[in-house]
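The values are calculated or read from the model by the stated rules, or taken from the named source; none is laboratory data. If you're wondering where the values come from, they're calculated on a predicted model, not measured in any experiment. Cβ sites come from the backbone with ideal geometry, for glycine too, and all protein chains shown count toward neighbours. These accessible areas exclude ligands, DNA and RNA; they are computed on the full protein's heavy atoms, side chains included. Shrake-Rupley method; radii C 1.70, N 1.55, O 1.52, S 1.80 Å.
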Amino acid sequence: MAFPRRQRSKFATPGDGWTAIGHGLAQLAGPVESRHHGAPLPWGDPAAVLHAVAEQLGPEQVPDHGAGEDAALNRVAELIAAYGLDLTHRHAAAHLQPPSLRVAVIADALAGATNASLDTYDSGPATLAIEKWTISALAKLAGFTERSGGVFGPGGSYSNLLALLIARDYSAARLGIDTRSNGVSGLPRPVVLCSQIAHFSVHRACAALGLGESAAIGVPVDSAHRMIPEALDELLTGLAESHSPVAIVATAGTTDFGSVDPLPEIARIAARHDVWMHVDAAYGFGTLFSDKLAGLLTGLERADSVTLDLHKVGWQPAAASVLLLADQQRFSSLNRSVAYLNPDDDIEAGFGGLLGQTLQTTRRPDVLKVLATFLAYGRTGLGEMLDTCHDLARHAERRIVTEPQLELVAPVTMTTVVFRYRCEDLDLDQVNGELRRRLISTGKALIGRTQVCVHGAGEPRTCVKLTLLNPETTERDIDVLFDELLRIGLEVESEGLRREHGEMVKIHE
């Protein structure tokens, strides 16, 4: 008896369904290659680019009838190719946003195909075991003991929020205050101490946790953009009993400079004042892959909690952030037992998951791409990639100091280079801002910008920066970028003009 042939499922079924995904990606290569703009970002004014995408999509409504999978995917791919971002371009150097490793992208597609979650055993047993294994490996890399634990999350800002939530609840519990049940009203004047150039997510976390952004007290930094331990100690001593220090946040890899706060000294101060020490190592954790740079994070092992982002130094598709705790028992304030997910008898029988270590319920198995990358390249392979990027940043630094029209604002620590274009008789803030915009809108290069007190003095000034995270970039690529930057800088300088409200006006100071 002949059985009817089973129709291929429209869902990502294991086996032939995954094969179809691979074929689908291969099919998209054609339209992407034929329509790709060939630059870090598409040429043109941002408003015009955004309008072009919206116009091609048509009316803002869900269509009554679909065009079919092939047509839909081709349309999306063509839009991305013509108007999207290309982080693999060797002149893409604006943000802590690296190109994605091929092996990680494939594993990320696998994560999407399975649609597993990490909240309970029956939502994805294999991925649950993989996350626990990977967290343990990362904790060992940080120098933590077997008492440690951790959890993946959607980004460094979220990991910082989660760390400060746990620190708040832990600090309050030691005073006999249950903030989980009763809020923060009983906690006398809670504060979080962080560097003056700590990531803005620390302030946002304080606001979200009911402490208020004013609870984030900025500690002065030195000329190398590192927290001054003596200033931290003085601030903590001055607080006395009138405040409740929730945490000290040290930064291991500031966004602009890659600078690392003096972790051993901060750890000693935190221990002396008995305050939770969190390290925001979203950028800097990746230095532990490198034998050459790992010493920057000496003292990390003394932290109570650590944020890391492998979608920065780790070359992962976002998101791949992790919060590590030196003592996993301190996740306890997040614990939940819900009848429809993790009742107590199921947990006792081994059917629990990681629901009690995060604010998320359904949680994508982002760990799969990280595991695949670790298995493919190992610590040494990732370290070599970082060393290459560091060497590129040092090359850029050398190029800057040889050019009379360029000024190095801060020495290289990791992979970031901050500098500015200089010229006479013009507003340098406007010149540098316009220089960056022209590089981007002409498709020549994608570089970043920031504001810095140049050499630690005066008001913050507009500077440009390179964040070099593509290990396939060469020194020749960097030189070509600088040649173009200097050419456009001279163009902006020679015009000495800018457009304001439809009229051309001088940009002299």
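Taking 31 Å as the limit for the C-alpha separation, the pairs LYS10/LYS444; LYS132/LYS465; LYS140/LYS369 exceed it in the case of LYS10/LYS444; LYS132/LYS465.
Across ILE106, ILE478, ILE177, the residue with the most accessible area heads the list, and the full order at a 1.4 Å probe is ILE106, ILE177, ILE478. You can think of it this way: the chain between ALA318 and ASP45 has 95.6 nm of extra reach, that is 0.36 nm per residue less the Cα-Cα gap. Applying a DSSP loop filter and a limit of 16 other Cβ atoms within 10 Å to the chymotrypsin sites (Phe, Trp or Tyr not before Pro) in the stretch 1-101 leaves PHE11, TRP43. Within the chain, the longest run free of exposed loop sites, counting trypsin sites (Lys or Arg not before Pro) that sit outside DSSP helix and strand states (H, G, I, E, B) and have at most 14 other Cβ atoms within 10 Å, spans 337-509.
How large is the dipole of the stretch 116-363 about the Cα centre if only Lys and Arg carry +1 and Asp and Glu carry -1, each at its Cβ, rounded to the nearest 20 debye? Display every interim value, and only then the final one.
Values: 17 positive and 26 negative charges, 43 e Å.
Using Cβ point charges on Lys, Arg, Asp and Glu, the stretch 116-363 gives about 200 debye.
Please give me, ordered by residue number, the chymotrypsin sites (Phe, Trp or Tyr not before Pro) of the stretch 293-343 that lie in loop per DSSP and have at most 16 other Cβ atoms within 10 Å.
Details: sites: TRP315, PHE331, TYR340; in loops: TRP315, TYR340.
Those that pass, being in a loop and sparsely packed, are TYR340.
Within the accessible surface of the chain, defined with a 1.4 Å probe on protein heavy atoms only, the carbon and sulfur portion equals 53 percent.
What's the center-to-center distance, using Cα atoms, between the stretch 401-431 and the stretch 153-202 in Å? Value for the Cα centre distance between the two parts: 38 Å.
Solvent-accessible area of MET385, all protein chains in place: 30 Å² (probe radius 1.4 Å, heavy atoms, ligands and nucleic acids excluded).
Computed from the Cα positions only, the extents of the chain along the three principal axes stand at 84, 75, 45 Å, in decreasing order.
How much length, in nm to one decimal, is gained on full extension between ASP345 and VAL32, taken as 0.36 nm per residue of separation minus their Cα-Cα distance?
Numbers: separation 313, 0.36 × 313 = 112.68 nm, distance 5.19 nm.
Full extension of this stretch gives 107.5 nm more.
Placing +1 on the Cβ of every Lys and Arg and -1 on the Cβ of every Asp and Glu, with nothing else charged, gives the chain a dipole about its Cα centre of roughly 840 debye. In the stretch 116-363, Cα pairs under 8 Å separated by at least six residues give a relative contact order of 27 percent. The charge dipole of the stretch 44-200, taken about the Cα centre with unit charges on the Cβ atoms of Lys, Arg (+1) and Asp, Glu (-1), comes to about 1080 debye, rounded to the nearest 20. At the listed q of 0.14, 0.17 Å⁻¹, the Debye profile of the stretch 116-363, built from one uniform point per Cα, gives log10 I(q)/I(0) equal to -0.91, -1.30.
The distance between label points at SER185 and CYS423 comes to 6.0 nm (points 7 Å beyond Cα on the Cα→Cβ vector).
Taking every DSSP bridge with both residues inside the stretch 405-472, close to 100 percent are antiparallel. When the stretch 58-139 is described by a simple charge dipole with +1 on each Lys and Arg Cβ and -1 on each Asp and Glu Cβ, the residue from SER100, GLY66, ALA116 located farthest towards its positive end is SER100. Here is the list for the stretch 160-255: GluC sites (Glu not before Pro) lying in DSSP coil, each with at most 13 other C-beta atoms within 10 angstrom of its C-beta, are GLU241. The modelled label-to-label distance for the pair THR380/THR402, using points 7 Å beyond Cα in the direction of Cβ, is 3.3 nm.
For the stretch 1-145, take N as its residue count and report Rg(C-alpha) divided by 2.2 N^0.38 Å.
Values: Rg = 20.3 Å, N = 145, 2.2 N^0.38 = 14.6 Å.
Here the Cα radius of gyration is 1.40 times the empirical estimate.
For the set TYR377, TYR283, the ranking by accessible area, highest first and with no ligand, DNA or RNA atoms included, is TYR377, TYR283 under a 1.4 Å probe.
Provide CYS423, CYS194 ordered by accessible surface of protein heavy atoms (probe 1.4 Å), highest first. Walk me through the intermediate numbers first.
Working: CYS423 25, CYS194 0 Å².
Final ranking, largest accessible area leading: CYS423, CYS194.
CYS463 exposes around 0 Å² of accessible area when a 1.4 Å probe is run over every protein chain in place.
Simple rule: put +1 on each Lys or Arg Cβ and -1 on each Asp or Glu Cβ in the chain, find the dipole, and look at PRO471, VAL431, TYR421; the Cα lying farthest toward the positive end is PRO471. Ligands, DNA and RNA aside, VAL409 has an accessible area near 20 Å² when probed at 1.4 Å. Using 0.36 nm per residue and subtracting the Cα-Cα separation, the extra length available between GLU459 and SER332 on full extension is 41.2 nm.
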